[in-house]
Amino acid sequence: MSESEVTREGIQHRRPGREALTGARSGGRRRRGGERPVVPDATFTSYYGKPIINGPVWNSPDIPGYFFTGGLAGASSAMALVADLSGRTGLAKVAKTGSAVGVFLSLLGLVHDLGRPGRFLNMLRVFKVTSPMSVGSWLLTAYGPAATVAAGSAVTGLLPRIGATATAGAALLGPGVSTYTAALVTDTAVPAWHDAYREMPFLFAASSAASAGGLGLLAGPSSEAGLPRRLGVTGALAEIAIGRFMEKRLGMVGEPYSQGKGGRYMKGGEKFLAAGAAAAAAGRRRPVLARIGGALMLVGSAMTRWGVFEAGMASADDPKYTVAPQRERLETRQPRDHRPAEGPRGEAQP
């Protein structure tokens, strides 16, 4: 074989074995001139198709129900205190009862997911400020009896002074109970939760306010509907706005909030919240619309909690939500100036 037989297209009059094409693969995109890429398109995969991170072992409906009922309870206690101070006795009784039932259901869901009550009691053996689960466990332990005593006094009329003290204590702990679960989820390695650490506490607070206002409109006296209407409508509108802002800021990592099961819950929750806020606003003249609006806001708030849960689980299972942000962070950390350093005499160092 002479040198003249070797060309840029290969060896003349020779065909590669089995007519192979360098870099060819099925389904590959063609470049200009019909060539196929030598390097395959990047795909986000992991060993044996397993997720890159260990996702949470939480289950539905236990944990999203725990998020929702805990938020409802905490916000209801704050509303109960304001109702007491403003003379809305009927609304106060409904809010106190709702907070007691809510914290009971929240604890029930948490303990059921843990497997046995002893595991919850084990979390009370220490108090660790840097652990959201430890802080939350102690919050529930202190809040639960206070909310229960406040509700019992309101329903029976017994021990009004103790009931008033318990109401104030539950209202003081209520905001923490409503929002500590946001710190709990953002403290994990789940991309859709961890990267939303800025907005998640505000989203949970707004969702709690919408659910508490919805409860007051649904079960409270129509003559005392002003307070829960303002609380519910404000919370619902804030929940919608914060959810959309969070999804937009997260970019690609926020896709699970608009796609898949999590996206269906989030979008459905927005619709229920918007309809509930509109019905509640129109319920000033028609009390039946206010009660319908309250029920819609309760459903919408619950769907938001389920949407956050499902979005997080989906992002933990898909490797791209872990790999892509890491690559972006690595690229931004690389120095912009790659010029070689100079030696003591001005020589360029390799």
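Nothing in this text is a laboratory measurement; each read-out follows from the coordinates by a stated rule. Here the structure is a predicted model, which is why all the values come from computation and not from measurement. No Cβ is skipped: glycine too gets one built from the backbone with ideal geometry, and neighbour counts run over all protein chains shown.
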Handout entry: 21 Å Cα-Cα reach of Lys50 towards lysines, excluding residues that sit fewer than 8 places from it in its own chain
Key = Lys261, Lys320
Handout entry: Mean Cβ neighbour count within 10 Å, used as a protection proxy, ranking 300-307, 51-58, 173-180, 137-144 highest first
Key = 300-307, 173-180, 137-144, 51-58
Handout entry: In the stretch 72-134, the chymotrypsin sites (Phe, Trp or Tyr not before Pro) that fall in loop regions by DSSP, at most 14 other Cβ within 10 Å
Key = Phe127
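To the nearest 0.05, how large is the calculated FRET efficiency for Arg264 and Gln326 if R₀ is 45 Å and r is the Cβ-Cβ distance?
According to the calculation, E is roughly 0.95.
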Exercise for the section: Determine, for Val299, Val288, the number of other Cβ atoms within 10 Å of each Cβ, and report the residues in order from fewest to most. Expected result: Val288, Val299
Practice task
Give me the lysines in straight-line cross-link reach of Lys267: C-alpha distance below 16 Å, same-chain residues under 8 apart excluded.
Solution key: Lys248
Practice task
Take each of the peptides 78-89, 318-329, average the number of other beta-carbon atoms within 10 Å over its residues, and list them starting from the highest.
Solution key: 78-89, 318-329
Exercise for the section: Classify the stretch 62-318 as rounded, prolate or oblate from the Cα gyration tensor: take a ≥ b ≥ c as the square roots of its eigenvalues, call it rounded if a/c is under 1.5, otherwise prolate when a/b beats b/c and oblate if not. Expected result: oblate
Exercise for the section: Using the Karplus curve 6.51 cos²θ - 1.76 cosθ + 1.60 with θ = phi - 60°, work out ³J(HN,Hα) for each residue of the stretch 258-271 in order, rounded to whole Hz, and write x for Gly and Pro. Expected result: 10, 10, x, 5, x, x, 5, 5, 5, 5, x, x, 4, 5
